[in-house]
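First the structure, in the form of structure tokens, and then the observations on it.
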């Protein structure tokens, strides 16, 4: 049976976009403050999961909701299970959007909204691929589980909960990255560097804050100071802003000076794609007469972290010839006078280096600063699937047929659900040479790319399960 996959998806374009836009309207950001037994990661992620499963129910699929934490949409029969893993939670939107991040809008052929490219858009493209196979009543001999998580952007607690109750698929992919295919993912570990809170200098650092998540380069940073002449510091701050690739704002109220720096957000897998507002603000503050642990805190951010995503300042720069560089992202800064503070550092590491070595390097360099190092998140080891794996060859073959471009595998610093399966990869949905706006303001996905990805997914899934 000859199938024009692109034509079949195009027939369903309006329906796909309507379902996706309804999903994008849900502010499915992890919200621990409003978490409950019924909504462990807050009401938004739970609502997004329920919405997606309702769409599956509407279209006649078997669905499963595991406690509002994770779920799946299932199709086909057979003992072999192909897993497709996506997520419905999104990163905080942050400031600086041209449109409301949770009111999706199509402009110039692009669909804008938080989650458009990471990962609601690709997830909906994958769902419509599966829906197409079902509606065409194509013969299948294997089972597909389209698994949806609600905590991918935070701690992956959703898939932990899911796989405590359900078996791992035999193999599969995650539509949560880019084409042609990701067959390798670096290891991932997060450490916090913790400082006490004494202020003993002429200038008092009242507080310092930057970043929302460890897997984002901080776009905004704010510090409050006291005990300094406002005129002199304003002039110096404005000069500093003009000499660096950042924006800034100076304010004074009731003897407290507020300094704000605006940089550029980016995904932590490649910190060089962003401009870290936290380290830039620290670079400026390090020239002031701070004292005590406040001085140590700012000095660490300015001298060790600023523009050192490859850990040269720590003496452990490392590169694997297949998986690339060890990288470090300073994702969250939080310091308060008297109570102290921390910097949350996220590391993506290739084969050949262990997380323990990273920790020891941190401990060695921060010992004179009286800082304590603690594990602050999940530890994931590097993951790699050979290019001669039959599933990988199938996926790349479909990509080549539908695009006319060469298929190849790459290794990334980002982590996807694909790594949960021994034979798991990431496959789309962003195409080469399209701007990557994941975790950034004005996130978008080109509508035609969304449809093209859905067609690739449809043929790929069918090739795997027929």
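Would you point out which residue out of 282, 294 is outside any loop (DSSP other than H, G, I, E, B), at pLDDT below 95 and in the same structural domain as residue 201 (by TED's automatic domain parsing)? Break it down stepwise before answering.
Values: 282 fails: at pLDDT below 95.
Selected residue: 294, the only one of 282, 294 that is outside any loop (DSSP other than H, G, I, E, B), at pLDDT below 95 and in the same structural domain as residue 201 (by TED's automatic domain parsing).
Okay, residues lined up against (1) more than 19 Å from residue 172 (Cα to Cα); (2) under 14 Å from the mean Cα position of the chain (by Cα):
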residue: 114; (1), (2): yes, yes
residue: 126; (1), (2): no, no
residue: 132; (1), (2): no, no
residue: 136; (1), (2): yes, no
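Limited to the stretch 108-139, what total is found for residues that are in contact with a helix residue (DSSP H, G or I) (Cβ under 8 Å, 6 or more places away or on another chain) and assigned to a helix (DSSP H, G or I)? Residues flagged as in contact with a helix residue (DSSP H, G or I) (Cβ under 8 Å, 6 or more places away or on another chain) and assigned to a helix (DSSP H, G or I) within the stretch 108-139 amount to 13. A single entry from 94, 60 fulfils the requirement of being within 22 Å of residue 136 (Cα to Cα) and in a loop (DSSP other than H, G, I, E, B): 60.
The set of residues from the stretch 388-421 being assigned to a loop (DSSP other than H, G, I, E, B) and modelled with pLDDT of 95 or more comprises 388, 389, 404, 405, 406, 407, 408, 421.
Just wondering, is there one or more residues in the stretch 189-205 that are within 27 Å of the chain's Cα centre (by Cα), assigned to a loop (DSSP other than H, G, I, E, B) and not assigned by TED's automatic domain parsing to the domain that holds residue 414? No, every residue in the stretch 189-205 fails to be within 27 Å of the chain's Cα centre (by Cα), assigned to a loop (DSSP other than H, G, I, E, B) and not assigned by TED's automatic domain parsing to the domain that holds residue 414. Taken across the stretch 313-328, residues that are in contact with a helix residue (DSSP H, G or I) (Cβ under 6 Å, 6 or more places away or on another chain), more than 30 Å from residue 382 (Cβ to Cβ) and at pLDDT 95 or above do not occur at all.
The values are calculated or read from the model by the stated rules, or taken from the named source; none is laboratory data. Note that the structure is a prediction, hence the values are computed from the model and not measured. No Cβ is skipped: glycine too gets one built from the backbone with ideal geometry, and neighbour counts run over all protein chains shown.
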